[in-house]
Amino acid sequence: MAKELVVGTLGVIFGEKQIVTSLKKLFNPLTAYSFLLMSLIYTPCIATMIAIKNEVGIKYLLLTIFYTLFLGWIVAVVFYQIACLL
């Protein structure tokens, strides 16, 4: 479960031949940037999460997961809403 799997997953969902046309239908530039911001900020890869758990415990692992998901969502939504106003 790594962040670079997003591209591979989209390729499987839409098919390798049709990914470009499907993504053009699904995303406009504003939603694409919002999606990229969410993908950049949300939960780190499994290896990082395991390292966090081993170093500081399950409590901080869960805090990290929820915090980064929430932060990514907030940043993406705020970016989208502000860009829509402009």
At R0 = 41 Å, FRET efficiency that the Cβ-Cβ distance of Tyr67 and Leu26 yields, to 0.05: 0.90
Relative contact order (percent, whole number), the chain, Cα cutoff 8 Å, 6+ residue spacing: 36 percent
Over the chain: Kirkwood hydrodynamic radius from C-alpha pairwise inverse distances, Å: 14.5 Å
Surface per residue (accessible, 1.4 Å probe) for the chain, Å²: 76 Å²
Accessible surface of the chain [probe 1.4 Å, protein heavy atoms]: carbon and sulfur percent: 74 percent
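The values are calculated or read from the model by the stated rules, or taken from the named source; none is laboratory data. The structure presented is a predicted model; accordingly, all values stated were derived computationally and were not measured. Here the Cβ is made from the backbone with ideal geometry for all residues, glycine too, and neighbour counts use every protein chain on show. These area figures cover heavy atoms from the full protein model, side chains too; ligands, DNA and RNA do not enter into them. Shrake-Rupley method; radii C 1.70, N 1.55, O 1.52, S 1.80 Å.
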